[in-house]
Amino acid sequence: MTRHQNITTQNALTFTKRPAVERGKADFGWLKSAHSFSFGQYYDPNHLGFGNLIVINDDLVDGGKGFGAHPHKNAEIFSYVMGGALEHKDSMGNGSVVGTGGVQYMSAGSGVTHSEFNPSATDEMRFLQVWLVPEVENTQPTYDTMDLTSADKDGKLKLFLSKDGRDGSMKTQADASVYAATLSGDQMITQDLTAGRKAWVQVAGGSVRVNEIILNKGDGLAIDGTGALTFDQGKDAEFLFFDLAP
């Protein structure tokens with residue numbers, strides 16, 4: 001195993017850590033956000049995305065505040081709610097409130113307008129908003145939600161978004177499989193990264209070790225190559241795992 005700054009090489013795998021403290025920051029008072037990749041006023045040519053994963057924003061929204069109606073086109077967008085609730089309305093006529101542990105997904109396709117608000121007048125709401133690039137542009141916009149229970153992701157990778165909609169996951173236009181997991185104590189998860197794929201790990205809470213690399217809340221890990229991945233030493237860990245097109 002070799003290391004160089006945030007890059008670690010193990011056999012046929014290369015890991016590049018994206019420390020939480022190095023993310024771009026935005027503070028609008030009602031919204032505090034950390035950007036893993038270039039977004040809005042934050043631009044870093046070294047962090048424009050990873051494969052077809054182009055946005056991971058860690059957003060904290062004050063009670064009663066949110067994002068007014070705004071358009072999207074040709075982006076696969078999901079929100080993973082970490083605390084509180086997220087209210088969604090869109091030009092397709094959809095309206096929903098997704099609570100902690102839930103996921104809302106929108107395929108913007110040929111174009112859609114939506115809003116996202118914290119429906120509580122007093123409590124903060126935290127969520128991860130993620131954008132993926134679709135394989136085909138200008139498809140019919142769609143919307144879906146999924147509630148993930150604690151049991152769904154306890155010590156295992158729970159698939160909630162995939163290209164083929166397998167295992168009850170929501171179907172996306174992006175070539176990606178996205179999983180959620182929690183890990184604590186002596187729990188361990190193994191996963192193979194196959195040839196021609198990339199992977200990204202985003203830690204939403206706690207800490208976890210991935211192939212000897214310690215990740216804490218807010219850290220990301222880009223993975224290239226082929227081989228076995230091991231997740232262990234979780235301390236109240238909650239994370240997303242992305243299996244991505246190159």
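Worth pointing out:
- Residue match in the range 15-24 (condition: basic (K, R), surrounded by 18 or more Cβ atoms within 10 Å (Cβ to Cβ) and part of a loop (DSSP other than H, G, I, E, B)): yes
- Filter pass, A34 being among the small types (G, A, S), closer than 16 Å to G218 by Cα, over 15 Å from the mean Cα position of the chain (by Cα) and assigned to a strand (DSSP E or B): no
Residues checked against (1) small (G, A, S); (2) under 28 Å from D152 (Cβ atoms); (3) without any contact (Cβ under 8 Å) to a residue 24 or more places away in the chain:
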residue	(1), (2), (3)
D44	no, no, yes
K65	no, no, no
A75	yes, yes, no
V97	no, yes, yes
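- Members of the range 119-144 that are more than 24 Å from S36 (Cα to Cα) and either among the β-branched types (V, I, T) or not in a loop (DSSP other than H, G, I, E, B) (or both): T122, V136, T139, T142, Y143, D144
Coordinate-derived values only; no laboratory data. As the structure is a computational prediction, the values presented were derived from the model and not from experiment. In this analysis, Cβ positions are derived from the backbone assuming ideal geometry, glycine residues included, and neighbour counts consider all displayed protein chains.
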